Amino acid sequence: MSNRRTPQVSSRKAPKQARSTELVAAILEAATQVLAREGAQRFTTARVAEKAGVSIGSLYQYFPNKAAILFRLQSDEWQQTTQLLRSILEDLGKAPLERLRILVQVFIQSECEEARMRVALNDAAPLYRHAPEAQAVKAQGEMIFQVFMQEVLPDAPQAIRALACDLITTTLSSVGKEFSENPRTTAEIETYADAMADMFCAYLTQLARRADR
């Protein structure tokens, strides 16, 4: 059994007044800049406080440690991704595979636009990835994909839907990260995203046909 301590990544308190809200916003903006400039290894609360122009004591009123700040940045990014998933995959005005194709294109474009920050956050992930708060946020996005898979593969066994969901989300995340680590032109992004979408759509179409037999 592991004795690893789970870091505290929740904020100490939520800002209730406009001044407090502005202070937290300033801390998070400074944290974004420090992380982008220094990377995860040199990211410290002292550097963030200095960049934000606040005392270290003021910072600690809202964030108990650097893991909490980094988790907040990652959590905000995850929430944005979750909203992206929901807005695209739950658009019933489009066919399911059309929605998936749009999602792949938008996701890869987003990965390339925000590559530097995403790489830095990924490097910082060991500080908070095992915290319950992190698992809860990630579970929201996974649930959206699970519901989508049920729509795409209604006659497939649950195990097959779960496998398809895991394969697509893992591939999308891992390959998207690797692809975005080098500068890409708009044409390269579109070509790559289309090819990945073709692969996913062909895979799901084949699974649907098997389930119908």
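The values are calculated or read from the model by the stated rules, or taken from the named source; none is laboratory data. Since we're looking at a predicted model, the values are computed, not measured. Note: ideal-geometry Cβ built from the backbone for every residue, glycine included; neighbour counts use all protein chains shown. Areas reflect the complete protein model, heavy atoms only, side chains present, ligands, DNA and RNA absent. Shrake-Rupley method; radii C 1.70, N 1.55, O 1.52, S 1.80 Å.
Worth pointing out:
- Residue in region 61-69 that is under 19 Å from R116 (Cβ atoms), at pLDDT 90 or above, of a type in the set (F, W, Y) and surrounded by 12 or more Cβ atoms within 10 Å (Cβ to Cβ) present: no
- Flag: S10 does not match the condition of being open to solvent by 50 Å² or more (accessible area, probe 1.4 Å), under 25 Å from H130 (Cα atoms), assigned to a loop (DSSP other than H, G, I, E, B) and modelled with pLDDT under 85.
- Within the span defined as region 157-164, one or more residues are of a type outside the set (A, V, I, L, M, F, W, C), farther than 28 Å from Y192 by Cβ and out of contact with any helix residue (DSSP H, G or I) (no Cβ under 7 Å at 6 or more places or on another chain).
- Just one of the numbered conditions (1) loosely packed, with under 14 Cβ neighbours inside 10 Å; (2) of a type outside the set (D, E, K, R); (3) modelled with pLDDT of 90 or more; (4) under 14 Å from the mean Cα position of the chain (by Cα) is not true of T169: (1).
- Yes/no for S180 being out of contact with any Asp or Glu (no Cβ under 8 Å at 6 or more places or on another chain), hydroxyl-bearing (S, T, Y) and over 19 Å from R86 (Cα atoms): no
- The residue list E38, E50, E29 contains one member that is closer than 24 Å to R116 by Cβ, modelled with pLDDT under 90 and of a type in the set (D, E, K, R), which is E38.
- In the set (1) open to solvent by 90 Å² or more (accessible area, probe 1.4 Å); (2) at pLDDT below 95; (3) in a helix (DSSP H, G or I), the condition left unmet by P183 is number (3).
- Qualifying residue in region 58-70 (condition: over 22 Å from the mean Cα position of the chain (by Cα), among the aliphatic types (A, V, I, L, M) and assigned to a helix (DSSP H, G or I)): yes
- Selected residue (criterion: modelled with the lowest pLDDT) from residues of region 110-123 that are among the hydrophobic types (A, V, I, L, M, F, W, C) and touching a Gly at 6+ places or on another chain (Cβ under 9 Å): V119
- Comparison of E178, E190 shows that the only residue that is surrounded by fewer than 12 Cβ atoms within 10 Å (Cβ to Cβ), under 25 Å from A115 (Cβ atoms) and of a type in the set (D, E) is E178.
- Cβ-Cβ under 6 Å pairs, at least 6 apart or on other chains, region 76-104 side part of a helix (DSSP H, G or I), far side open to solvent by 40 Å² or more (accessible area, probe 1.4 Å): T82/Q140; I88/I102; P96/E151; R99/D91
- Some residue of region 127-135 being part of a loop (DSSP other than H, G, I, E, B), in contact (Cβ under 8 Å) with a residue 12 or more places away in the chain, open to solvent by 20 Å² or more (accessible area, probe 1.4 Å) and in contact with a Lys or Arg (Cβ under 8 Å, 6 or more places away or on another chain): yes
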